[in-house]
Amino acid sequence: MKNINSRALLVHFIGFIVSRAVFYGMNPLAVGYFTAAYLCGGSKVLSFAAAFMGIFLVMDFNGIIKYSLTLIASVMIMEAPLIKKHSLPVQVMYAMPSVALFVFSLLDGISKNSLADNIVISILEAAIAIISAVIFKYGTDYIMQKSKTIRMNNEQMLSLALMVAACVYSVPELKNAYVSWLYSGVYFIILFFTYKFGVGFGSITGAVCGLGMALKGASAENIGVYAVMGILPAAFRESGRIPTAMSYIVTAFLMGFLNKSMALSIEEISALITAVIIFLLLPARLVLRADAAGGSEELEFLAAQNLKKIAETRMKIFSDSFLKLSKTLDRISKNHAGLKQKEIDLIFEEISEKLCKSCAYCNRCWESNFQETYRAACLMFEAAQRKGSLEREDVPESFLSDCICADEFIRETNVSFELARLNNIWHSRMAESRELIAQQLKEVSSVINDITDEIYETVCDSYPEEELLIRRLKAEHILVKDLTIFERSNKRKEIYMTAAGKGGRCIPAKDAAAVISETLGKRMKVSEASKSVISQGYESFAFVEDTKFKLLTGVAKANKDSVSGDNFSILKMESGECMLALSDGMGTGADAGEESETVMSLLEQMIEAGFKVETAIRLINSSLVMKGEKQSFSTIDLALVNLFTGMCEFIKMGAAASFIKRDNWVETISCDTLPVGIFGNVDYDLVTKKLYEGDIIIMVTDGVLDSFEEIDKEACMEEIILDIKSKNPQEIANQILERMLARSNYTPRDDMTVLCAGIWLK
């Protein structure tokens, strides 16, 4: 029989017990639980059999007929080919047995009750059946899970608690002269769930057990007493089973001491002790502590999720603010370009006010001859703006003959336009600065947004894997207090755990990585930031998914002067990427070296901080442009290798060609762009290539290629690379540099740098 295992058997056994819960001659819980068990994925035959046997043992003949027909009709409806073909919604499937119960309950009550009473009773039974089916669904699903999550949600907790109440109510009173097995079961259930799931589930289980006992005729005060018995022992969960059990016994006697009517009888004391003994004898795997939805760890989890949402929202607000500020500055900058007509009119008014107002011939010029005077002034201002200054030959003859202050007018016009021009230059420089700052703010906004997405797209992996890892590591003498599996947006796994060596052992962290790799089926390694040994004290460790490829590098350099203008960087990142970078500063010597060193330093810092390469380049470019005291620029030559996939991105800005050597051919990657630091807007070439095992990347500065006298320098370099048979990157770099130096009689015309990298499978 398929779908039969310990979990399925438990579900069907509970179904048998619940199906005995008869009240007022009705048994709707049997139909409700049957519906949940039938649809939870277990054995449908056992679901039917368990419900039927429970009904058969407690109902009279009419009841057996009514509920049996209900079960049979439900099965026939749910298994009907037409129903299965159309894949009806699960809500409809859960409602079908309740509808069948309504029909058969209505038929059964025709001879017993009035029509109105019959309808009300039938509706009530059907309503209880469908409500209980929905509630029991969460509990059956939880039990049927092959690997249960650490945390139980509220719906599952409520469902299991009601199952317990129904079972307590349904189980007959079994006792002998020494112990009541019903009370033993109740005490055990409360203690078990309190220890396993914490105070929330413990108190609820205690309350529903008390309710079940009250329905069987016990004192209603049992509800509160049992609830308290599920609360106080939870404080000792972390201390282990024995302290929890002892506190449970003390709590039971304390409740009897405080309320004499609730004092334990000899029968109940023996039942309590029996329950505690059974609890202590259970295998450890059955009582592994977990956290219910009301537990402190779940509350912490929910609080962390809320804080995560708040932080994400705030980061997005910061990003949007920087973007808006960038747009504002950019708009302001565009509003200042050249002399505007308002500025020219202001100059005209100032000169007229200064020279013409006190002149004796003012009325003649600006009243009698207004048109001629104004036209002449406009012509002079146009000439001044066009030529940069006003000369006497630019002044109309009529103005020279009529104006007694013509020379002063020319002089004041030139002074005013020069001041306006200087003012406009400063405005332009400020506008350029604002544009660069706006660009930087835009990039900062993009960085914040990208980092936020990367952080909050990270998802926790499955709890079952976490539980399995904890058990596997324990078998290797590694005790794990906390363990979390994360999966980045690129599907790369990361594991963080707090662990210690069992019995004072010191265990290499790489041994734990081997266990994790075997369990997850992925190659894992110890993070570079993590400790290498797991000792007796609990410490934090991190493991990351290992790469598929490895990269070996080699560098060879020759300087024209004592200080090289070339700089390089080889940066291996925790993300599984490797950055190869060359920078050639303007000219040679110390100044060029300082420029290229600045570029490499900024690039390394930004990439390590999580900036995208494109963003880092734009920020570096704006930084160089804003230096202002002198022109400053450098080439950037990047190769970004993904060691998971073997994909390589070549990014070039004014750099010399790069080469890929594969077997017996060489591929050239060249660019046609300017270095960084020249213009505010940066432009770069990006080429993506797939690398295979044994491929060699060769990157050079322009001093290497300039050693060739030939026009097609790249073709000459390809021949030299093909002629080198070595697979060692350092040897290849040395040989290339040696051959280039030989072409210039070992006197470099420019700084020369060769950077080689070979990729191989691990």
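Here each label is just a point 7 Å from Cα along the line to Cβ, and for GLN605 and LYS531 those points are 3.2 nm apart. The calculated FRET efficiency for the pair ASN414 and GLU719, based on their C-beta separation and a Förster distance of 51 Å, comes to about 0.20.
Treating r as the C-beta distance of ARG523 and THR498 and R0 as 22 Å, the FRET efficiency rounds to 0.45. Sorting VAL641, VAL250 by the number of Cβ atoms found within 10 Å of their own Cβ, with the fewest placed first, yields VAL250, VAL641. Checking the Cα-Cα distances for LYS560/LYS689; LYS481/LYS510; LYS493/LYS572 against a 24 Å cut-off, the pairs over it are LYS560/LYS689.
Each Cα pair under 8 Å and six or more residues apart adds its separation to the average, and for the range 549-761 the resulting relative contact order is 27 percent.
Of the three principal axes defined by the Cα atoms of the range 358-401, the extents in descending order read 31, 19, 16 Å. Put a dot 7 Å past the Cα of GLU614, heading toward its Cβ, do the same for LEU686, and the two dots end up 0.3 nm apart.
Of the trypsin sites (Lys or Arg not before Pro) found in the range 626-725, the ones in coil according to DSSP and having at most 15 other Cβ atoms within 10 Å of their Cβ are LYS627, LYS630, LYS725. Could you list, in their original order, any pairs among LYS557/LYS690; LYS652/LYS725; LYS661/LYS713 whose Cα atoms are separated by more than 25 Å? Over 25 Å apart, Cα to Cα: LYS557/LYS690; LYS652/LYS725. In terms of other Cβ atoms within 10 Å, ASP546, ASP482 run from fewest to most in the order ASP482, ASP546.
What separates the Cα centres of the range 534-612 and the range 705-719 is a distance of 28 Å.
In a fully extended conformation the segment linking SER670 and VAL563 would gain 35.8 nm over its present Cα-Cα distance, using 0.36 nm per residue. Full extension of the chain between GLU372 and ALA514 gives 41.5 nm of extra length, using 0.36 nm per residue less the Cα-Cα distance.
Residues of the range 385-417 with the amide nitrogen closer than 18 Å to a label point 7 Å from the Cα of ASN363, along Cα-to-Cβ, please. From the range 385-417, the list is 403-404. Assuming R0 = 41 Å, what is the FRET efficiency of TYR24 and LEU468, from their Cβ-Cβ distance, to the nearest 0.05? Plugging the Cβ-Cβ distance into 1/(1 + (r/R0)^6) gives 0.30. In the range 549-761, Rg over Rh equals 0.95, where Rg is the alpha-carbon radius of gyration and Rh the Kirkwood radius from pairwise Cα distances.
Looking at the calculated P(r) for the range 1-148, what percent of the C-alpha pair distances fall above 28 Å? When all Cα pairs of the range 1-148 are counted, 16 percent exceed 28 Å. Using a 7 Å offset from Cα along Cα-Cβ at LEU761, what residues in the range 676-718 end up with backbone N under 20 Å from the label point? Answer for the range 676-718: 690-697. Model label points for ILE110 and ILE131, set 7 angstrom from Cα along the Cα-to-Cβ axis, are 2.9 nm apart.
Only the coordinates and a few stated rules stand behind these numbers; no lab work does. Computed from a predicted structure; not experimentally measured. Virtual Cβ from ideal backbone geometry, glycine too; neighbours counted across all protein chains shown.
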